[in-house]
């Protein structure tokens, strides 16, 4: 009797997890502010495109737009790099329901920031 009760419960929990994951979709535009070494803050936006485990798109700042290179996504974790004037800047991130926590490597100096979907 207990075994029959656990199977539907397991199915319901799995379904809730899948629904929550589908609701947290990385595709589209995200915005945030990066604090760079030296204390300056820069407004940034990312326009992500997910195709399976491949992540592409663009990153934008007041300096212009650059493409997202070497992008990968695995579950709720993702990584990519951007090339600005010949320098690679690796990013790693974690997707949450309404935001992404991101880490950016400035040649050894790391910056953590949060991006969110822009308000409509």
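Rule-based calculations on the coordinates, nothing more; no lab input. The structure presented is a predicted model; accordingly, all values stated were derived computationally and were not measured. Because the Cβ atoms are built from the backbone with ideal geometry, glycine has one as well, and the counts that use them run over all protein chains shown.
So how far, in whole Å, is the C-alpha centre of the stretch 51-73 from the one of the stretch 96-120? Going from one Cα centre to the other spans 13 Å. Using only the C-alpha atoms, the convex hull of the stretch 62-109 corresponds to 96 Å³ per residue. Can you tell me what percent of all Cα-Cα pairs in the stretch 26-116 are more than 19 Å apart? Everything past 19 Å amounts to 31 percent.
When you restrict to C-alpha pairs under 8 Å that are six or more residues apart and normalise by the size of the stretch 52-120, the relative contact order lands at 18 percent.
Quick one: order 31, 82 by neighbouring beta-carbon count within 10 Å, fewest to most. Write out the running numbers ahead of the final one.
Numbers: 31 14, 82 22.
Ranked by crowding around the Cβ, least crowded first: 31, 82.
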